[in-house]
Structures are given as C-alpha cells and as structure tokens.
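Notes to accompany the following structure.
The values are calculated or read from the model by the stated rules, or taken from the named source; none is laboratory data. Owing to the predicted nature of the structure, the values given are computational and were not obtained by experimental measurement. Positions of Cβ are backbone-derived with ideal geometry, glycine not excepted, and every protein chain shown enters the neighbour counts. Ligands, DNA and RNA are stripped out before the accessible areas are found, and what is left, the full protein with its side chains, is counted by its heavy atoms. Shrake-Rupley method; radii C 1.70, N 1.55, O 1.52, S 1.80 Å.
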Amino acid sequence: MTGPDILSAKYAADPYPHYRQMLTSFPLYRHPETGFYLVSRHAEVTRVLQKAPFTNEIYTWQLEPVAGGQTIVQMDGEEHAYYRRLMSAPLRGSNFREWIVPEIERMSAGLIEAFRERGWADLRADYTDLLPCDVVSTLLGLPAEDRSTFRRWFININAFMSNFGKDPAVTAAGLAARTEMTEYLRPLVKDRRARPRDDLLSAFCHAEIDGIPLNEEQIQAHCSTLIAANGDGTSATIIYTLKELLLHPEHLQAALHDRSLIDRMHLEATRLNPPVHMLLRFAAQDVDLPGGHIPAGATVACVVAAAQRDPARFHEPDVFNPYRAEIDPVRDFTPGGSIVHFGKGRHYCLGAHIARITVSTAVTQLLDALADLRLAEGAVLDEKGIFTRNLTRLPIAFTPAPPDAGTAVRQRTASAGLA
Ligand code: HEM
C-alpha cells in the first residue's frame, strides 16, 4: 500500500483530500513514478526545509537549465551569503518602499482603469497575471514597452519548473525563453555597466566576487531567479485572498473598514490555499525522520500545502479564520512564522516583503475602485497545478464606473497598513 499518486488526474483536480490522507496515514512515503519521497507533517516539512543533510541541489535540474547559470537558491555558505546581501539591499532596504509602493499603485490603477467601466472582469487575466510580473520587471529596471515579452518568459520559465511529467513542449518553451532572454539582456547589461541606475539589473552589473564582476551568465541567472522565485506566487496570493473575501462577506466588510486586516486575510487565505504546494530538497546522506527512512540521493518533496493544514499545528485547519491565534501578521513574513510557503531557513524568500506589499496594494486598489464588488453570477472556481496552484479564473462583477470618472483610482504614496 502506498500514499496518494501525485500525478493522477484525481489528485490534480482536488489534492486536499489526498493531503488529509498523507497527514493521517502516509506522513512519509515514496511515490513510485517520480521517485520522490513525500513528507507532509508541519514539523517534518519545517525540519527538511532548513537542516542538513537536505540541500537545494535539486535546482540544478529544476531551475538552472532555464536560468542560464547557477542561481542563489542553489548556493551555500559564503557564496550564498554574499548574494543574499546583494539582493537584500534593493529588495528590503529602507528606501525601497518609498519608490516601489507608488509604482505598484500606479501599475495596479492602470490595470483597473482598463475594466472598471465594464462592470465585470476576470481578475486573473485582467489583473493578477499582469501586475506581479510587471513589478519584477520594474524592480529589474526593464523598459515598460518590453513587458509583454517579459510576461511570456515568466510563464514559460515557471511552467518548466513545474514540468514533473516532462512534457517536451514545456521543456522546449522554457529553454527558448532562456535563449531569448540572453540575447535581450546583452545590450541592457552593457548599458547598465556604463550608466548604472537605481535598479536591480544595475546592482547585478556592478556586483563583484573577490574583485571580479559578475559575467553575463551570472547576471541572467539572477534575473531569472527573480522570475522563478516569485513564480506566479504573488498572482495566486492576490487571487486566493480576494476569493476568500468574496466568499465571506463579513470578512470583506471588515477589510473595507480596516485595510490593515488585509495582511491577515492574505496569510490565512494562503495558509489554506498556498501558491506553492511543494518544495523539493536533495538528501545528501541517509537520514531517519520520525515518519521513516530517506536514502542518500533521494529527492524529497515537502508538501507545504498539507503542512499548512496539519491539525497538530493549526486548530480546525480546514476553516478560513483570519483571526486565528496561529497566524501572526508580523512573524509570518519572517522565517520564524508558522507559514511555510515562503520557505524556511537560509533560503527563506527574499521577496516576502515585496509580495506582502504587492498583495496589500493590489487588494486595496480593487476595494477602493470597484463598488459593490462580488463574485460573478454562476462563477466556476477551477484550480490548476500540483507544484504551484492557482484558480484558472476569478470572474467578478461590480457596479460599472461612469465613463467620466477618469482616473479615479487613488494613488497613495503612504498607503495605510503597509508600514
Ligand atoms: C507570494 C509570493 C512568493 C512566494 C510564495 C515565494 C516563495 C519562495 C520560496 C518558497 C522560496 C525558497 C525556495 C527554497 O527554499 O527552495 C523563495 C526564495 C526566494 N524568493 Fe520568493 N516567493 C514569492 C515572491 C517573491 C518575490 C516577489 C521575489 C522578488 C521579487 C522573490 C524572491 C526570492 C528570492 C531572491 C529567493 C531566493 C532566496 C535564497 O535562496 O536565499 N520571491 N521564495
């Protein structure tokens, strides 16, 4: 007898009953077709993600081929610490909020303007498939007119990372994105080396290791890491936060009155429906866990989505309760929180802060701009993905804004609740 088949159609359609089965009966098992060892309990997932003998070597096949070089998520020791410092300054530095929040407000307001007179929208196609990707290209400092090309790479690189079934078309599209990106970045790198700006691409172009500047391959790998590490995680987070608000009018009303509650809604919505369902690790040595034995050389799949519904960690784990005691809106954006989908330990997500800001700003802008926001009548909420997961559509309805409303979406430079 073995645990759930993660490649079955039944699992893909609704993995949650399978997570319950893992937690109760198969806390550690080997999936025959992929060879993965799956761990699901919160305590074990947390341990595997952050402690030896588990390493991030799996990114050698999961990310490096499309990144065009070694990435920070694969690195260890001093090298990893160096790149973390390099990326931390622009992603978490004190002056970062000052320029990125108005940028996100401007971009989200622009997207909302395109549909607010219509009275309906699909929030995925019209909003969240665009905004997080545009935020990353803005952070990198890429020209705005190239955003649609960048979005295509974004989709193809992320699909490559989830391609456990080894679909050759998905592999080819991912590798093509890498080649196109190499060509695209070459003149921009040259320009930033000569004329640095206040963007991440310039930071990469002027970084040095032991006095030697990064080469083009290393720079591209770091740009691709931002695509892959963010994935469509921010999109799924906005979607699931809004879905829960729309399904629970009392929580929507609370958020309308107090925008600082959006962080709690975000954390609880994604505890239940994480954007990342699995994180992989490589076992560098034989190891015994409470759930069983893992041999050296194994790929371990940490089922984050099951861990976040583990009754040993969360009271009534299947219930949406943004005020639950286990959620802490400060601690849960750090490695010490109960939320696992930002990772744990030394590779903890460097973008958790920017994800938080993006989600809060995106949700706030929608609540401000759309009157009488609700799920569209007859809306079907289908989900897709076993590695990362998102709703395929989120159809909404609202009272259309009058045509002369102009750019009524407010642009706040110091949004409440984001400090
Ligand atoms: C809700 C959205 C996001 C989720 C769920 C997410 C999730 C993660 C996870 C799970 C890891 C650790 C991977 C591992 O240990 O194997 C990670 C690392 C990372 N994330 Fe995110 N991420 C998100 C958004 C972002 C954004 C917006 C950025 C930057 C623009 C970003 C940048 C990074 C970087 C640079 C790393 C590598 C850190 C290291 O290796 O030290 N992430 N992310």
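Which condition breaks for Ala312 when tested against (1) open to solvent by 30 Å² or more (accessible area, probe 1.4 Å); (2) in a helix (DSSP H, G or I); (3) within 23 Å of Arg30 (Cβ to Cβ)?
It is condition (2) that Ala312 fails.
Being more than 30 Å from Glu208 (Cβ to Cβ) and either of a type outside the set (Asp, Glu) or part of a helix (DSSP H, G or I) (or both) narrows it down to one residue among Ala125, Ala89, Ala81; which is it?
Details: Ala89 fails: more than 30 Å from Glu208 (Cβ to Cβ); Ala81 fails: more than 30 Å from Glu208 (Cβ to Cβ).
The unique qualifying residue is Ala125.
Any idea which residue in the range 175-195 is most open to solvent (accessible area, probe 1.4 Å), counting only those that are part of a helix (DSSP H, G or I) and among the basic types (Lys, Arg)?
We begin by selecting, within the range 175-195, every residue part of a helix (DSSP H, G or I); these are 175-194.
So of that shortlist, the ones also among the basic types (Lys, Arg) come out as 178, 186, 190, 192-193.
Working: Arg178: 80, Arg186: 99, Lys190: 155, Arg192: 3, Arg193: 86 Å².
Only one residue fits best here, namely Lys190.
Look through His341, His293, His353 and report the one residue that is open to solvent by 10 Å² or more (accessible area, probe 1.4 Å) and part of a loop (DSSP other than H, G, I, E, B). Can you show your working first?
Details: His293 fails: part of a loop (DSSP other than H, G, I, E, B); His353 fails: part of a loop (DSSP other than H, G, I, E, B).
Exactly one residue qualifies, and that residue is His341.
Which of the residues belonging to the range 275-290 are away from the ligand (no atom under 15 Å from the Cβ) and outside any loop (DSSP other than H, G, I, E, B)?
Val287, Asp288, Leu289
Taking only the range 22-61 into account, find how many residues are among the small types (Gly, Ala, Ser), more than 15 Å from Leu280 (Cβ to Cβ) and outside any helix (DSSP H, G or I).
Of the residues in that region, 1 qualify.
Mind checking which residues of the range 64-78 are under 16 Å from Leu214 (Cα atoms), outside any helix (DSSP H, G or I) and within 11 Å of the ligand (Cβ to nearest atom)?
The answer is Thr71, Met75.
Does Ala369 qualify as being closer than 15 Å to Leu123 by Cα and either of a type in the set (A, V, I, L, M, F, W, C) or surrounded by fewer than 21 Cβ atoms within 10 Å (Cβ to Cβ) (or both)?
Values: closer than 15 Å to Leu123 by Cα: yes; either of a type in the set (A, V, I, L, M, F, W, C) or surrounded by fewer than 21 Cβ atoms within 10 Å (Cβ to Cβ) (or both): yes.
When the stated conditions are applied, Ala369 passes them.
Residues being away from the ligand (no atom under 15 Å from the Cβ), in contact (Cβ under 8 Å) with a residue 24 or more places away in the chain and out of contact with any Leu (no Cβ under 8 Å at 6 or more places or on another chain): count how many of those fall in the range 207-238.
2
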